[in-house]
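All remarks here apply to the structure that follows.
Each value in this text was obtained by applying a stated rule to the coordinates, not by laboratory testing. Being a predicted model, the structure only gives us computed values, none of them experimental.
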Ligand code: FES
Ligand code: FES
């Protein structure tokens, strides 16, 4: 089996046509009376970087909109896209519980078939790390205060 077949259709589709790529401007968030959080994370091992935008309703801590920008590989783009999807509608406190496993699982076509080859599992970790960064900025706490639930393959 070639690497060509090691990616799910969801990864292929979203890396080429992400639904939440872009940015949320401060004006946009302000117009809705919401708070804008912009978090950056870079993966030192591969040089890929992601920027996550959260528009948060300060009354409920709910993430009402989320977008991302990426200097990442295709898997990082697909992972970031489902990550923003998983964040929308959750409170910041709920979103910080999203792990890289949730992100990878959301990219699977079948529950028992990995979405990406083993070499690409780390790309979903970046999506997880940037959530922790965004939550730490919003809550004004250290990122280390969030429990680590990543599984690096
Ligand atoms: Fe660019 Fe592999 S890191 S092709
Ligand atoms: Fe670095 Fe995918 S290769 S995030």
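When the Kirkwood radius is taken over all Cα pairs of region 91-151, what Stokes-Einstein diffusion coefficient follows at 10 °C and 1.306 mPa s, in µm²/s? D = 130 µm²/s. Counting only alpha carbon atoms, the long axis of helix 121-139 and the longest principal axis of the chain meet at about 10°. Quick check on the chain: helices-only [θ] at 222 nm, where DSSP H runs of length 4 and up contribute -39,500 (n - 2.57) each and the sum goes over total residues. Nearest 500, please. For the chain, the value works out to -11000 deg cm²/dmol.
Reducing region 70-129 and region 9-65 to their Cα centroids gives an inter-centroid distance of 13 Å.
Residue-normalised convex hull volume from the C-alpha trace of the chain: 107 Å³ per residue.
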